[in-house]
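Undergrad: Could you have a look at this structure, given as structure tokens, before my questions?
Derivation of every value follows stated rules applied to the coordinates shown; laboratory data play no part. Keep in mind it's a predicted model, so treat the numbers as computed, not measured. Because the Cβ atoms are built from the backbone with ideal geometry, glycine has one as well, and the counts that use them run over all protein chains shown.
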Amino acid sequence: MPFERRTLLASGGAFLLAALAGCGSLSSRSVEGRIVTSEAIERINAFRLSNGQTALRHDRAASAAALEHARTMAENRQMAHNIGLGADFPRRMKRQDVALPAAENIATGQDTVERALRAWEVSASHRRNTLDERFTGVGVAVAYDPNNGGEPYWAMVLSGR
């Protein structure tokens, strides 16, 4: 089960290279997707509380950002933080009014929200994002690739104060 994460800290050269590598054209928003924050937040908060952190709140901007990115990944059949020229993480968060600092966990292949969350919990880098004390809000979404047997693409955006 592959997955990745991106925090707002990264080198500019890596963003350009990743953007150029994913320069496919985006289709119209015909990919089915949905915000699953309400389904995920109880588990996320139980995980945070059991690790000495405070609970997160449902952040509408983070949820919208997660849904847009899950759809973009499904449309392009690519799990990446940066898909298309100029689509890097900091620009996306600023454009979508997500409170900074922010971080993003992404995954593909998990068939339930519980399995996606579990994959992030057991990964050291995703675990750090999920437990980061700077975050107060969260949004989680999934979108499905209709041309690849409904392959799910997951995105979680964590937002700051």
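Undergrad: Just to be sure before I move on: is D111 more than 19 Å from D59 (Cα to Cα) and without any contact (Cβ under 8 Å) to a residue 60 or more places away in the chain in the structure I sent?
TA: Here the answer is yes, as D111 does meet what is asked.
Undergrad: Right, something else. For segment 29-52, give me each residue that is in contact (Cβ under 8 Å) with a residue 24 or more places away in the chain, not in a strand (DSSP E or B) and not acidic (D, E).
TA: Correct list: R29, S30, V31, V36, T37, A40, I41, R43, I44, F47, R48, N51.
Undergrad: Can you run down the residue pairs with Cβ atoms below 8 Å, 6 or more apart or on separate chains, where the first is in segment 126-138 and free of Cβ contacts under 8 Å to residues at least 12 places away in the same chain and the partner is surrounded by fewer than 20 Cβ atoms within 10 Å (Cβ to Cβ) and assigned to a helix (DSSP H, G or I)?
TA: R127/E121
Undergrad: For segment 148-161, how many residues are assigned to a strand (DSSP E or B) and of a type outside the set (S, T, N, Q)?
TA: Number satisfying all stated conditions: 8.
Undergrad: Still on this structure, I have one more. List the number of the failed condition for A55; all other conditions in (1) touching a residue at least 24 places away in the same chain (Cβ under 8 Å); (2) over 11 Å from the mean Cα position of the chain (by Cα) hold.
TA: (1)
Undergrad: Need a quick list: helices (runs of 4 or more DSSP H) entirely within segment 53-147 having at least 1 residues that are surrounded by 22 or more Cβ atoms within 10 Å (Cβ to Cβ) and among the β-branched types (V, I, T).
TA: It comes to 60-76, 124-131.
Undergrad: Of a type outside the set (S, T, Y) and more than 11 Å from the chain's Cα centre (by Cα): is that true of V113 in this structure?
TA: Yes: the conditions hold for V113.
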